[in-house]
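Below is one structure; the comments refer to it alone.
The values are calculated or read from the model by the stated rules, or taken from the named source; none is laboratory data. Nothing here was measured: the structure is a model prediction, and the numbers come from that model. Note that each Cβ is placed from the backbone with ideal geometry, even for glycine, and that neighbours are counted across all protein chains shown.
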Amino acid sequence: MAGLAESGSNPDVDLLYDINGLAKQAPPWFDRIMEYVGEYGLLLAMVLLVLWCWWGVRRRGGEDAASSVAALVWAPLAAGVAVLVNAPIRGFVERPRPFYDHEGLEVLVSGKTDYSFVSDHATITMALAVGLFVANRKFGLVGLGIALFEGFCRVYMGVHYPTDVVGGLALGTAVALLLSPLAMALLTPVTRAIERSPRAGWLIRARGRTDGQQDTLLPGARSGATGPEERDLAA
């Protein structure tokens, strides 16, 4: 099944030219920035966001620390599973990159010879974002914004059709959500066992942090405030 969208009157192709046309109008230095951001930067940002969320979870502690860390572990695993699922999809659809079938595109990244549908970058970032949303909604919303921007960048760079991106966002979401219950059932006992470990427990909660210490903090209080005055007020 070669080429889901061929030349001619096609909304997918029209939107491709509209978005990629912005790259033609932009100065070269801006296109170089978009190239690195779309190819590497946003993926790195998603990884750092997951690590930032994990750092906050372990510092905050609480009874749900182990399950929250399990959800964070699932985020990169979901991205890996989604990429594996995408491999046969690409082989079945066999959709060429848009610059092979459509002239006049501003292609910012050379050397792309694999198939176009579904976008791996969109799939990975969305799977990470949805997995992160399961663990923490605030961080997850930021991740969803990054994933959507990643999809825009792939079309802007001239290496994917808009429907490649939509397919990747849908695939990443489906894998992260549908397999989440099974993943949590398998990963949570592991993180709880790590939490009880004297050597590896720091991966789940910061040393010295206890559930009772967290419960005594008032909303808006400093995370490090654990003196007797704060305990009295909380009581």
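The table below gives the values:
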quantity	calculated
Residues of the stretch 175-189 satisfying the condition of being in a helix (DSSP H, G or I) and either in contact with a helix residue (DSSP H, G or I) (Cβ under 8 Å, 6 or more places away or on another chain) or hydroxyl-bearing (Ser, Thr, Tyr) (or both)	Val175, Ala176, Leu177, Ser180, Ala183, Met184, Leu187, Thr188
Qualifying residue in the stretch 175-197 (condition: at pLDDT below 95 and of a type in the set (Asp, Glu))	yes
Conditions (1) in contact (Cβ under 8 Å) with a residue 40 or more places away in the chain; (2) assigned to a helix (DSSP H, G or I); (3) among the charged types (D, E, K, R): number failed by Glu63	(2)
Pair list, Cβ under 6 Å, 6 or more apart: the stretch 158-172 residue over 8 Å from Met126 (Cβ atoms) and at pLDDT 95 or above, other residue surrounded by fewer than 24 Cβ atoms within 10 Å (Cβ to Cβ) and among the β-branched types (Val, Ile, Thr)	none
Leu49 vs. criteria within 30 Å of Tyr17 (Cβ to Cβ), in a helix (DSSP H, G or I) and modelled with pLDDT of 90 or more	no
Residues of the stretch 78-117 classified as in contact with a helix residue (DSSP H, G or I) (Cβ under 7 Å, 6 or more places away or on another chain), more than 21 Å from Ile19 (Cα to Cα) and aliphatic (A, V, I, L, M), total	6
Residue in the stretch 62-69 that is farther than 20 Å from Asp12 by Cα, crowded, with 21+ Cβ neighbours inside 10 Å and out of contact with any Lys or Arg (no Cβ under 8 Å at 6 or more places or on another chain) present	yes
Residues that are buried (at least 19 other Cβ atoms within 10 Å of the Cβ), outside any helix (DSSP H, G or I) and β-branched (Val, Ile, Thr), drawn from the stretch 90-149	Val118
